[in-house]
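In what follows, a single structure is set out as structure tokens and then discussed.
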């Protein structure tokens, strides 16, 4: 699973073989294909971009066009073993409600996002006075799909407010896992596994 983006590789390695999976915001379907082909999962996807949906379907993946903010409500309770939201939470209108839906339709949820409190982001704002362009945030503020700037500590707070459990966390700096202290400061990306 080394060909996957680093956060997707972490998630793929943590999903139990044979699981029923829904990947919301599945992009080009890389994670879905890895879960289907390497973990024998019943992997399905939802994607907003019609070009990505067509690409996924062309690869033989089960993907529908849909919006995480509106269309998750159509799935029955606990219809999947796990629901995945990778690099999508910060692009949704109501991340709190999307998180509720993830844990309604999945027994467990994997959520990954760029950490807007990473030290490079802080320094860019402090010394440059401008929204940063970094490895994890590669486009200018006016081009980004990110409408919510979430940090590791913000996400932990949301999870606590909602009464969910954090089963496992992974933090990335660049393309590598980091296990050092202060992930809110040191991690560029965060990955959480959650349950009710």
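The values are calculated or read from the model by the stated rules, or taken from the named source; none is laboratory data. Because the structure is predicted, anything quoted here is derived from the model rather than measured. Virtual Cβ from ideal backbone geometry, glycine too; neighbours counted across all protein chains shown.
General observations
- Residue within the range 14-29 that is in a helix (DSSP H, G or I), closer than 28 Å to residue 188 by Cα and modelled with pLDDT of 95 or more present: yes
- The range 87-106 residues that are more than 16 Å from residue 48 (Cα to Cα), paired with ones that are in a helix (DSSP H, G or I) and at pLDDT 95 or above (beta carbon under 6 Å, 6 or more apart): 101/72
- Applying the condition of being over 17 Å from the mean Cα position of the chain (by Cα) and surrounded by 15 or more Cβ atoms within 10 Å (Cβ to Cβ) to the range 36-61 and asking which residue is nearest to residue 82 (Cα to Cα) yields 41.
- Checking each residue in the range 164-196 for being on the phi > 0 side of the Ramachandran plot and either surrounded by 15 or more Cβ atoms within 10 Å (Cβ to Cβ) or in contact (Cβ under 8 Å) with a residue 24 or more places away in the chain (or both) picks out only 174.
- Cross-chain or 6+ apart pairs with Cβ under 8 Å, the range 146-158 first and without any contact (Cβ under 8 Å) to a residue 40 or more places away in the chain and on the phi < 0 side of the Ramachandran plot, then part of a helix (DSSP H, G or I) and crowded, with 20+ Cβ neighbours inside 10 Å: 152/183
- Contact map, the range 57-85: residues that are without any contact (Cβ under 8 Å) to a residue 12 or more places away in the chain paired with residues that are assigned to a strand (DSSP E or B) and surrounded by 17 or more Cβ atoms within 10 Å (Cβ to Cβ), Cβ distance under 9 Å, separation 6+ or inter-chain. Pairs shown: 57/63.
- Residue within the range 115-131 that is surrounded by 12 or more Cβ atoms within 10 Å (Cβ to Cβ), in contact with a strand residue (DSSP E or B) (Cβ under 6 Å, 6 or more places away or on another chain) and within 21 Å of residue 167 (Cβ to Cβ) present: yes
- Positions within the range 90-114 being assigned to a loop (DSSP other than H, G, I, E, B) and in contact with a strand residue (DSSP E or B) (Cβ under 9 Å, 6 or more places away or on another chain), in sequence order: 92
- Scope the range 148-186; condition over 15 Å from the mean Cα position of the chain (by Cα) and assigned to a loop (DSSP other than H, G, I, E, B); matching residues: 163, 164, 174, 175, 178, 179, 180, 181, 182
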